[in-house]
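Here is the structure we will look at.
The values are calculated or read from the model by the stated rules, or taken from the named source; none is laboratory data. Keep in mind the model is a prediction, meaning the values are calculated, not measured. Using ideal geometry, Cβ is built from the backbone for each residue, glycine included, and neighbour counts are taken over all protein chains shown. Just the protein is used for accessible areas: all its heavy atoms, side chains included, with ligands, DNA and RNA removed. Shrake-Rupley method; radii C 1.70, N 1.55, O 1.52, S 1.80 Å.
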Amino acid sequence: MLKLMILCSNLNTAQTITNKIASNIENTKIIGIGITLKEALNIMKEFEPDIIISTNLKIFKLIKEKFLIYNPGIIYLSDPKEINELSYKKAILIDHHSDFNSILKLISNFITKNVSISKKEQIIKTLSEIGFDFKLSGTNYLLDSILYANSYEGSYSFESMNKDIYSHVAEINNTRPNIVKWAIARSINYLYLRNGEDTYKKIEQYFGVIYPDRLTPKFIINFVANKLSF
């Protein structure tokens, strides 16, 4: 299910968008309504919505300034006379004067072409943009670990990760838990050794971990799996 946020400075308009548009978009969950850019930023940092419906043009500048690897699909409701085109790639401009059925159809087509993404693809995209190398077995084990943690939320224990998660990943990859653990740690070390300051910035933006503090397998799996759960 895709996470959806609404950014609208007018409460009445926000309510109309929620009731007439957002609630009728299939396979989406409203995770927040921002009245100000500050509120919207807090929602984006915590939940990373996949889709944003906005009546505020400043949303594009906000995302470019505050995020390095986060690029949600944006549905901008406005008067086309006010703007000719949007430079943001994953965006659609919709005339707010249009009837609701037309708006919903345009949004549905936009989501299908630009936003819909499986959890596996989302994890691969996130890890790749941060700098993880999928040529390494450890990165693929990390992917499997996150998928397992997300799919079986509550049925595993991070305190016994080697037993509950690494054992599962080892079984589906025909290897041993200690090899899975070692390979993931090696993949994280390689991330830091290969990419330098640019990756440090991406890690800080996405995970909130500031160098010289380093990511751990437990933290990455927990953090990403929880983000996918909203």
Open item on the list: Pairs needed: first member in the range 25-53, charged (D, E, K, R); second member anywhere, assigned to a loop (DSSP other than H, G, I, E, B); C-beta distance under 8 Å; at least 6 residues apart or different chains.
Closed with: K29/M1; K29/F230; E48/Y70; E48/P72; D50/P72; D50/V115; D50/I117
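Yes/no matrix, rows are residues, columns are (1) farther than 24 Å from L4 by Cα; (2) touching a Ser or Thr at 6+ places or on another chain (Cβ under 7 Å); (3) of a type outside the set (A, V, I, L, M); (4) assigned to a helix (DSSP H, G or I):
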residue: S102; (1), (2), (3), (4): no, no, yes, yes
residue: L106; (1), (2), (3), (4): no, no, no, yes
residue: F110; (1), (2), (3), (4): no, no, yes, yes
residue: I117; (1), (2), (3), (4): no, no, no, no
residue: Q122; (1), (2), (3), (4): no, no, yes, yes
residue: K125; (1), (2), (3), (4): no, no, yes, yes
residue: F132; (1), (2), (3), (4): yes, yes, yes, no
residue: K135; (1), (2), (3), (4): yes, no, yes, no
residue: N140; (1), (2), (3), (4): yes, no, yes, yes
Task: Residue ID - nearest to I221 (Cα to Cα), chosen from residues in the range 82-100 that are in contact with a strand residue (DSSP E or B) (Cβ under 6 Å, 6 or more places away or on another chain) and not in a loop (DSSP other than H, G, I, E, B) - done: A91
Open item on the list: Residues to consider are N56, N19, N27, N10; find the one that is among the polar types (S, T, N, Q) and within 25 Å of E129 (Cβ to Cβ).
Closed with: N27
Open item on the list: Please go through the range 106-134 and give me each residue that is free of Cβ contacts under 8 Å to residues at least 12 places away in the same chain and more than 15 Å from A91 (Cα to Cα), ordered by number.
Closed with: S118, E121, K125, S128, F134
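Yes/no per residue for (1) modelled with pLDDT under 95; (2) over 28 Å from G208 (Cβ atoms):
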{"position": "K3", "(1), (2)": "yes, no"}
{"position": "I6", "(1), (2)": "no, no"}
{"position": "I25", "(1), (2)": "yes, yes"}
{"position": "G32", "(1), (2)": "no, no"}
{"position": "E46", "(1), (2)": "yes, no"}
{"position": "S78", "(1), (2)": "yes, yes"}
{"position": "Y88", "(1), (2)": "yes, no"}
{"position": "H96", "(1), (2)": "yes, yes"}
{"position": "L106", "(1), (2)": "no, yes"}
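Please go through the range 1-33 and pick out each residue that is out of contact with any Ser or Thr (no Cβ under 9 Å at 6 or more places or on another chain) and either aliphatic (A, V, I, L, M) or open to solvent by less than 40 Å² (accessible area, probe 1.4 Å) (or both).
Listed by number, the residues that qualify are L11, T18, I21, T28, I31, G32.
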Open item on the list: Looking only at the range 69-80, how many residues end up being closer than 15 Å to I103 by Cα and part of a strand (DSSP E or B)?
Closed with: 5
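Run down N178, N226 and say which single residue is open to solvent by 50 Å² or more (accessible area, probe 1.4 Å), at pLDDT 90 or above and not aromatic (F, W, Y).
Within the list N178, N226, the selection yields N178.
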- [ ] State all residues of the range 65-80 that are free of Cβ contacts under 8 Å to residues at least 24 places away in the same chain and open to solvent by 50 Å² or more (accessible area, probe 1.4 Å); if no residue qualifies, say none.
- [x] E65, N71, P80
- [ ] Answer yes or no as to whether I83 is modelled with pLDDT of 95 or more, surrounded by fewer than 17 Cβ atoms within 10 Å (Cβ to Cβ) and β-branched (V, I, T).
- [x] no
Task: Search result, residues across the range 94-122 that are within 20 Å of T18 (Cβ to Cβ) and hydrophobic (A, V, I, L, M, F, W, C) - done: I94, F100, I103, L104, L106, I107, F110, I111, V115
